[in-house]
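The values are calculated or read from the model by the stated rules, or taken from the named source; none is laboratory data. Worth saying up front: this structure is predicted, and the values here are computed from it rather than measured. Here the Cβ positions follow ideal geometry from the backbone for every residue, glycine too, while neighbour counts run over all protein chains shown.
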């Protein structure tokens, strides 16, 4: 089954690269999810440039989010017309966020991390924030994930100075202290060559924009907004599958997370559209899950 999925996905990717493919594009989905049939939540105007999204312990009753112009932690119920926020910094190009234990972790595109107590969220403003710079190589970053059980934070490069070619994307692991302290504890690499082998393309533009871990099987799910691609890697970061995303639904996919019922959520920046959105994909248990 996996071999057929890989072959079929490769055919779709090659087909999309040539104008001669006149037939309607058909999009495949990972087991347990139908990426063609989302529940769509329109975001308030203040989140037109939404990027990262997160839940506390997977509780979908409250969505936490950020946008890439202000240092704010937004919070709202899915479907709300407005969003409240706590400001911890006047401005900054923030690209992803995570909640780990009692801490909120915010990722700035230039590789700077901020931590603040979750208890501060709800106040209009807080100065109770720690800034962590110089702990990541020079580059551009958009992918962040927090493992609450291990109390670890994962950061994935979009473009990094240490990646000398376009064939790898480096990632870094940090231990997160209860007080918001951050200490590097490891690293990992994603091989773009594996993506090329699966898709049958020689040059794949892989610029990760979102990162999460599937709670069902521990696989890593990685968004690449630039080419509307979802890459699935195993727990050791070996790429297993590649899925094309329908650009009509995934206009600018930037954030990805799961809730404690294994449902999948992907956020799309508004861009040229009137509104940003969050798409929910209900989990459908299959014999393979």
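Kindly state which strands (runs of 3 or more DSSP E) lie completely within the range 112-158 and contain at least 3 residues that are over 26 Å from residue 258 (Cα atoms) and at pLDDT 95 or above. Quick ask: steps written out before the conclusion?
Numbers: elements: 113-117, 130-132, 139-147.
Fully inside the range 112-158 and qualifying: 130-132.
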Worksheet item: Taking residue 248, is it over 20 Å from residue 78 (Cα atoms) and free of Cβ contacts under 8 Å to residues at least 40 places away in the same chain?
Response: yes
Worksheet item: So which residues in the range 201-220 are surrounded by fewer than 15 Cβ atoms within 10 Å (Cβ to Cβ) and over 30 Å from residue 261 (Cβ atoms), if there are any at all?
Response: 202, 203, 205
Discussion item. Going through 188, 172 one at a time, which residue ends up being within 21 Å of residue 238 (Cα to Cα), surrounded by fewer than 17 Cβ atoms within 10 Å (Cβ to Cβ) and touching a residue at least 24 places away in the same chain (Cβ under 8 Å)?
Written reply: 188
Response to the item:
By residue number, the members of the range 98-131 that are more than 19 Å from residue 54 (Cα to Cα) and over 21 Å from the mean Cα position of the chain (by Cα) are 124, 125, 126, 127, 128, 130, 131
Worksheet item: Considering only strands (runs of 3 or more DSSP E) fully contained in the range 7-89, which possess at least 2 residues that are at pLDDT 95 or above and crowded, with 19+ Cβ neighbours inside 10 Å?
Response: 50-56, 59-67, 71-76, 84-89
Discussion item. Quick test for you: out of 170, 161, pick the one residue that is at negative phi, modelled with pLDDT of 95 or more and out of contact with any helix residue (DSSP H, G or I) (no Cβ under 6 Å at 6 or more places or on another chain).
Written reply: 170
